[in-house]
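The values are calculated or read from the model by the stated rules, or taken from the named source; none is laboratory data. Note that the coordinates shown come from a computational prediction; the quantities given were computed from them, not determined experimentally. Counting neighbours? That spans all protein chains shown, and the Cβs are built from the backbone with ideal geometry, glycine included. Protein only, heavy atoms only, side chains kept; ligands, DNA and RNA dropped before computing areas. Shrake-Rupley method; radii C 1.70, N 1.55, O 1.52, S 1.80 Å.
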Amino acid sequence: MYGKGLIKGLGVTFTRYWNTYWEDITWLVGRKGKRYFSAEGVAHRSSKDARGIFTVQYPEEKLPVPEEFRYVPFLVYEEGSNGEKNIRCTSCGICAKVCPPQCIWIVRTNDPATGRPVPAPAEFYIDADICMNCGFCAEYCPFDAIKMDHDYEISSEKRNVLDKQRLMKPRTYYAEIRPVNHAREEAARAEKAAAKAAKAEA
Ligand code: SF4
Ligand code: SF4
């Protein structure tokens with residue numbers, strides 16, 4: 001029969017339309033709340049049990065991202081006891097070398113008295129418009145100083161070149177967004193420090 005597919009399609013649309021309102025009513029009555037603008041509601045609409053509307057009301061609602069989600073990198077710093085920001089980066093330049101689209105620029109620091117290099121970047125830039133979010137920089141950094149961020153809301157009207165100030169985030173932030181990776185790295189760091197201490201004692 002001609003038009004059978006059309007009728008079938010309209011049936012699917014109507015069922016979803018109906019289910020949307022039915023689900024809204026059952027949530028209101030059964031759970032005493034709306035199934036929108038809450039983490040529980042978003043989780044439900046992302047699950048296989050979702051009926052009716054399953055879209056997310058962005059930007060009021062956001063889908064949770066998995067730990068390994070990658071956006072533009074950031075630079076990790078340790079918070080000092082006096083509030084100072086001790087950046088882990090030594091400006092070795094490895095990340096800039098391995099970056100496939102070459103969107104990292106680093107200016108090294110020199111000691112003004114001796115002229116010798118200091119292991120910290122004076123300036124650090126990432127062109128977020130060029131970054132392809134591959135994560136190579138984070139993979140290759142020998143100091144766990146650069147990590148892939150979860151923050152994807154960085155659009156701007158102008159060219160999006162992020163400077164050192166904008167890129168720096170505390171280790172606690174890294175631990176929050178990537179708890180498994182952070183715990184593994186800290187354990188490895190502690191193990192290495194213990195081995196070094198034992199070697200020094202021997
Ligand atoms: S982020 Fe890591 S790889 Fe890049 S310059 Fe700094 S220490 Fe080297
Ligand atoms: S994520 Fe990839 S493209 Fe982006 S800065 Fe790092 S190495 Fe370069």
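So the label point goes 7 Å from the Cα of GLU84 along Cα→C-beta, right? Which residues of the range 123-147 then have their backbone N under 15 Å from it?
none
Would you kindly derive the ³J(HN,Hα) couplings of the range 120-127 from the backbone phi angles with the Karplus curve 6.51 cos²θ - 1.76 cosθ + 1.60 (θ = phi - 60°), listing them in order in whole Hz, with x for Gly and Pro?
Per residue, the Karplus-derived 3J(HN,Hα) values read 7, x, 6, 9, 8, 10, 10, 7 Hz.
Would you kindly derive the ³J(HN,Hα) couplings of the range 43-53 from the backbone phi angles with the Karplus curve 6.51 cos²θ - 1.76 cosθ + 1.60 (θ = phi - 60°), listing them in order in whole Hz, with x for Gly and Pro?
4, 5, 5, 8, 8, 5, 7, 5, 10, x, 5
For VAL118, list long-range residues whose amide hydrogen, built 1.01 Å from N in the peptide plane, is under 5 Å from its own amide hydrogen.
Hits under the 5 Å cutoff: THR109, ASN110, ASP111.
What is the sum of charges, Lys and Arg at +1 and Asp and Glu at -1, for the other residues whose Cβ falls under 14 Å from the Cβ of LYS158?
Neighbourhood net charge equals -2.
What shape does the range 88-202 take by its C-alpha gyration tensor, where a ≥ b ≥ c are the square roots of the eigenvalues and a/c under 1.5 counts as rounded, a/b above b/c as prolate, and the rest as oblate?
Oblate, because a/c is 1.5 or more while a/b does not exceed b/c.
Please go through the residue pairs LYS164/LYS192; LYS164/LYS199; LYS34/LYS147 and name each one whose alpha carbons sit more than 32 Å apart in this structure.
Over 32 Å apart, Cα to Cα: LYS164/LYS199; LYS34/LYS147.
From the convex hull of the Cα coordinates of the chain, what is the mean projected area in square nanometres?
That works out to 20.8 nm², a quarter of the Cα hull's surface.
Provide the per-residue ³J(HN,Hα) series for the range 167-176, in order, calculated from phi with Karplus coefficients 6.51, -1.76, 1.60 and θ = phi - 60°, each as a whole number of Hz, with x at glycine and proline positions.
In residue order, the calculated couplings are 7, 6, 9, x, 4, 4, 5, 4, 4, 6 Hz.
For a test of the definition: using alpha carbon positions, the gyration tensor, and the 1.5 limit on a/c, classify the range 75-153 as rounded, prolate or oblate.
Oblate, since a/c reaches 1.5 and b/c is not below a/b.
Calculate what fraction, in whole %, of the accessible area of the range 1-44 sits on carbon and sulfur atoms when a 1.4 Å probe is rolled over the protein chains.
70 percent
What dipole magnitude, in Debye to the nearest 20, does the chain give about its Cα centre under +1 on Lys/Arg Cβ and -1 on Asp/Glu Cβ?
The calculated dipole for the chain is roughly 580 debye.
Between ARG116 and GLU185, what is the label-point separation in nm under the 7 Å Cα-to-beta-carbon projection?
The two pseudo-label positions are separated by 2.8 nm.
Under 5 Å between amide H atoms, partner at least 5 residues away or on a different chain: which partners does ASP129 have, H built in plane at 1.01 Å?
Sorted by chain and number, the residues that satisfy this are ASN160.
Taking H placed 1.01 Å from N in the peptide plane, check which residues at least 5 places from VAL72 or on another chain put their amide H under 5 Å from its amide H.
ASP149
Restricting to Cα atoms and excluding each atom paired with itself, what does the Kirkwood estimate give for the range 5-47 in Å?
11.5 Å
What does the accessible area per residue of the chain come to in Å², with a 1.4 Å probe and no ligands, DNA or RNA counted?
68 Å²
For the chain, what does the helix formula give at 222 nm: sum of -39500 (n - 2.57) over DSSP H segments with n ≥ 4, over the residue count, nearest 500 deg cm²/dmol?
Rounded to the nearest 500, it is -12000 deg cm²/dmol.
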